[in-house]
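Each reported figure results from applying straightforward, stated rules to the coordinates on display, with no laboratory input. Computed from a prediction, not measured in an experiment: that's the story for all the values here. Because the Cβ atoms are built from the backbone with ideal geometry, glycine has one as well, and the counts that use them run over all protein chains shown.
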Amino acid sequence: MPDKIHLTVATVIEKDRKFLMVKETKDQVQVINQPAGHVEPGEDILQAALRETMEETGWEVAISGFLGFSTHRAASGVTYYRLSFVGNALRFDEQAVIDPDIDEALWMSLEEIQANRANLRSAMVLDCIEDYRAQRIFPLEIFRNAL
């Protein structure tokens, strides 16, 4: 059963009225997602969000709040448990090596994301943006880290 459960993190980063997104190919279909990925065993949740954002986009970010916890069951039967964070873009690292699973990192307006709703990796993508726009953001102090 553990191979059917995936703990993931994602970041919602807005800059100049555009959101940092990635295009990735899953099961031979290109989808749009926030920078997101799996938490590694023993890894701090916040560090995982920072790491995944850098690995997928080349952007160094600062996490400023927690958007929430959501779940999604993929057609493959895998259940994704997603912790979503909001952050600020600090610096783009032109030398960063982008994860080979990522086709492209790009900045998209809300309208572009909504127009591509059918291409989103899951409903969680737009749900996070809607939570962010509604300012449903929790303080990071809710995390107790002993790592």
For this session: May I ask for log10 I(q)/I(0) of segment 106-147 at q = 0.15, 0.28, 0.31, 0.34 Å⁻¹, from a Debye sum over the Cα atoms as equal point scatterers with solvent left out?
Result: -0.51, -1.01, -1.12, -1.21
Exercise. Just from its helices, what would the mean residue ellipticity at 222 nm be for the chain, if runs of 4 or more DSSP H residues each count -39500 (n - 2.57) and the sum is divided by every residue, rounded to the nearest 500 deg cm²/dmol?
Worked result: -6000 deg cm²/dmol
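Would you mind getting me the FRET efficiency between Phe143 and Lys15? Use the beta-carbon distance for r and R0 = 30 Å, nearest 0.05. Working shown, then result.
Working: r = 24 Å, r/R0 = 0.81.
Computed FRET efficiency for Phe143 and Lys15 comes out at 0.80.
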Problem set entry | Ranked by how many other beta carbons lie within 10 Å on average, peptides 22-34, 121-133 from highest | 121-133, 22-34
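Specify, per residue and in Å³, the volume enclosed by the convex hull of the alpha carbon atoms belonging to the chain.
Values: hull volume 17.3 nm³, N = 147.
Per-residue hull volume (Cα only) is 118 Å³.
Which loop-located GluC sites (Glu not before Pro) does segment 50-94 contain, where loop means any DSSP state but H, G, I, E or B and the Cβ has at most 16 other Cβ atoms within 10 Å?
Numbers: sites: Glu52, Glu55, Glu56, Glu60, Glu94; in loops: Glu94.
Here the sparse-neighbourhood loop sites are Glu94.
What is the sum of charges, Lys and Arg at +1 and Asp and Glu at -1, for the other residues whose Cβ falls under 10 Å from the Cβ of Glu60? Please list the in-between numbers first.
Values: positive: Arg91; negative: Asp93.
Combined, the nearby Lys, Arg, Asp and Glu give 0.
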For this session: Starting from the Cα of Leu106, step 7 Å along the direction of its Cβ; do the same at His38; then give the gap between the two resulting points in nm.
Result: 2.8
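Full-extension gain between Arg91 and Phe69, please, as 0.36 nm times their residue separation minus the C-alpha to C-alpha distance. Please list the in-between numbers first.
Numbers: separation 22, 0.36 × 22 = 7.92 nm, distance 2.69 nm.
Here the answer is 5.2 nm.
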Exercise. Just going by the charge dipole of the chain, with Lys and Arg at +1 and Asp and Glu at -1 on Cβ, which of Val97, Ala134, Thr11 is farthest out on the positive end?
Worked result: Ala134
